[in-house]
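Data first, discussion second: the structure below is written as structure tokens.
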Amino acid sequence: MSSGTLYDKVWNFHRVKELPGGSTQLFVGLHLIHEVTSPQAFSAIHEKNLGVKFPNLTIATVDHIVPTSNQERPFNDPLAEEMLATLEKNCKSHGIKFHGIGSNSQGVVHVMAPELGLTQPGMTVACGDSHTSTHGAFGAIAFGIGTSQVRDVLASQSLAMKKLKVRRIWVDGELQKGVYAKDLILHIIRHLGVKGGVGFAYEFAGPAIEKLSMESRMTICNMAIEGGARCGYINPDETTFQYLKDKECSPKGQEWDKAITWWRSLASDSEAKFDDEIQLDGSLIEPTVTWGITPGQGISIKEKIPNPESLPKNEQQIAKDACKYMNLEPDNPIEGVEIDVCFIGSCTNGRLSDLEEASKIVKGYTVATGIRAFVVPGSQQVAKDAKSKGIDKIFLNAGFEWREPGCSMCLAMNPDKLEGRQISASSSNRNFKGRQGSANGRTLLMSPAMVAAAAINGKVTDVRKLLQK
Amino acid sequence: MKHEFPKGEIKSISGRSFVIKGDDIDTDRIIPARFLKCVSFSALGEQVFADDRKELKGNHPFDLDQNKGANILIVNDNFGCGSSREHAPQALMRWGIRLIVGESFAEIFFGNCLALGIPCLTAPKTEITKLQKLVDDNPKQIWDFKLKDSTISNQKETLKLNLEEGAYKMLFSGKWDATSQLLAEEERIKNTVKNLPYLNNFKQ
Ligand code: SF4
């Protein structure tokens, strides 16, 4: 059993009661909702004649279904329009703040909430979305929940949950030039496996993590779930406080100082006990790309697509499936694999610094012939900031499309989709079969800078070669 | 076909079963993302495993005549991984699944199933392989699941399954519907709120 970790401390602050089934009733400090997983939860509370207990602790936005080319209402897709209208109605009738289209604060829920300063250290954050782990970057305990738990949180601002074990992942050294947070997390998932984290919260710590910006930290925690860990977190420090200072919903004045004192006290103690500890050297990590159909099937850009026969027994079948589905030849290098579509965006890598890093690669080049490349900012705020820095122009001049904020091709519940067997270089988080909207479409996950490099060369490229220009 | 959804105590389940083979079957496969665009769950039953079924053109286990009306699913390792979407267990439930047995389940999926009153039980790989063979050899046989001793049996063979204690208690007592339990604790919730610095201007 862990003790003295941030996870333990935050857990204790929010514990309401031990429930008979062995789980704990946990209070939720920040509940985020979006159009996909909330309508059924609202219907459920309506059926039971229940209200929303703490409407001020629930915040809504719309992201999954929004078109990114034309956001005029009503949407062309009547189903998408219906989902948005349902959310609007539910928010209105329950007094929930809704950051809708045209509000300047709309965006992918895991991008817009931190931006507004809604996510703060020491909170419990829940959302009907598995990438809620993102918010752990602030030293919050943040986790995805299912629709019936969304119902529970609306009704009671609490949910029944089992305490997780805590694994500390200590990363020494420093990421090299051309290596980003995305590479680090893909590397971790590759080595611990897509279910290595089941039953665990991941604490990411160590010098390499401390040097990361908040946005990079969000990328890491975002994909904890891809490694099976329902939540991932990083202890709050000066970087965290700097980011939060003067954000719209951050504490102000005297409260700010008191807040910092409390936030500091939450970090895992130096003698904290973890259920498991792992250590790795961040400076050895290279740009990493997935070649298969699970986020754990990643390799460094210098490696060859593994031969399924050479893998441990329990990975062979899925590796064979993956080679067949991806139509990639084992023992061939991943570098040079030709691609069709390039997507920069999502709650993993749709933030300002992601677009900025990618734009540095793109500058002065054009997208290779036949490649469709597009950038989808994670939020209205990201779009605005990027425009004020001229980042949109860099992409547009290079032949990228520049879109309106939303989840876009991360999961294709909107018009942005792969077609047929198309293969994408994508800065998103999931490469499952059919994830990007075509039942047999293919996805290679990588950092946004690597996606940019792929767009320019029309094939998987070691971004470091372009950085040396 | 209309199905009664699970309610109250869930102590036994009987019916025919069938197998979905493969490790790491994620929720995108159980219900592809395009079907998430709905404001009610009612149509999801027909869309379960839509893409896999399309690929197999009528030969997918969920399409085979012999499996119509079956209510027990036998799976492999890490079933239900990936997205937390509750549409996945909803789709399975609305198709008619009432019990899932496998080597292991993704955590959120397990919780989502439990919240619908669908038990997910595990057994070691060797046992699951054996069970899958028995089921494949005779898809017509009826299996009886008894929660009390966590077994599944076809009269001749009885397999011992595992279920964590918390889930067991919730199913046994019929208290897998969490909302009512949570709402009972109003006073304690108020106390928790009182002691949360960020809801009290960070007063110490
Ligand atoms: S960007 Fe992708 S992973 Fe993130 S919330 Fe949207 S669909 Fe989910």
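Bear in mind that the values in this text are calculations on the coordinates, not laboratory data. None of these values were measured; they are calculated from a predicted model. Neighbour counts run over all protein chains shown; Cβ positions are idealised from the backbone, glycine included.
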Discussion item. Given the options A:Leu57, A:Ala208, A:Ile45, identify the residue whose Cα lies farthest towards the positive end of the charge dipole of the protein assembly as shown (+1 on Cβ of Lys, Arg; -1 on Cβ of Asp, Glu).
Written reply: A:Ile45
Fill in: Residues of type aspartates and glutamates that A:Lys92 reaches as a straight line, Cα spacing below 16 Å, ignoring anything fewer than 8 places off in the same chain
A:Glu35, A:Glu82
Worksheet item: Are there trypsin sites (Lys or Arg not before Pro) in segment A:46-99 that DSSP marks as loop and that have at most 16 other Cβ atoms within 10 Å, and which are they?
Response: A:Lys48
Discussion item. Using the Kirkwood radius over C-alpha pairs as Rh, can you work out the diffusion coefficient of segment B:1-45 via Stokes-Einstein at 10 °C, viscosity 1.306 mPa s, in µm² per second?
Written reply: 113
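Would you order B:Glu157, B:Glu86, B:Glu165 from fewest to most other beta-carbon atoms within 10 Å of each residue's own beta-carbon?
Details: B:Glu157 12, B:Glu86 31, B:Glu165 9.
Arranged by neighbour count, lowest to highest, B:Glu157, B:Glu86, B:Glu165 become B:Glu165, B:Glu157, B:Glu86.
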Discussion item. Order A:54-62, A:300-308 from most to least packed using the mean count of other Cβ atoms within 10 Å.
Written reply: A:54-62, A:300-308
Worksheet item: Listing A:His31, A:His191, B:His87 from the residue with the fewest other Cβ atoms within 10 Å to the one with the most, what is the order?
Response: A:His191, A:His31, B:His87
Response to the item:
Here the whole-number average of other chain Cβ atoms within 10 Å per Cβ of B:97-110 is 2
Worksheet item: So which lysines can B:Lys54 reach, going by Cα to Cα under 26 Å and dropping same-chain residues fewer than 8 places off?
Response: A:Lys320, A:Lys324, A:Lys417, A:Lys433, B:Lys2, B:Lys21, B:Lys37, B:Lys68, B:Lys133, B:Lys140
Response to the item:
If A:Arg167, A:Arg15, A:Arg217 are placed from fewest to most neighbouring beta carbons inside 10 Å, the sequence is A:Arg15, A:Arg167, A:Arg217
Fill in: Förster radius 35 Å - calculated FRET efficiency between B:Asn195 and B:Phe5 (Cβ-Cβ, nearest 0.05)
0.35
Fill in: Whichever lysines have a C-alpha closer than 20 Å to that of B:Lys7, once near sequence neighbours (fewer than 8 apart) are set aside
A:Lys48, B:Lys146, B:Lys148, B:Lys169, B:Lys175
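What does the structure give for B:37-44 when I average, per residue, the other chain Cβ atoms found within 10 Å of the residue Cβ?
Other-chain Cβ atoms within 10 Å of each residue's Cβ, averaged: 5.
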Worksheet entry | Centre separation in Å (Cα based) which lies between segment A:170-206 and segment A:24-75 | 31
Discussion item. Helix-only estimate, please: 222 nm mean residue ellipticity of chain A, summing -39500 (n - 2.57) across DSSP H runs of length 4 or more and dividing by its residues, to the nearest 500.
Written reply: -9500 deg cm²/dmol
Worksheet item: Per residue of B:170-182, what is the mean number of Cβ atoms on other protein chains within 10 angstrom of that residue's Cβ?
Response: 6
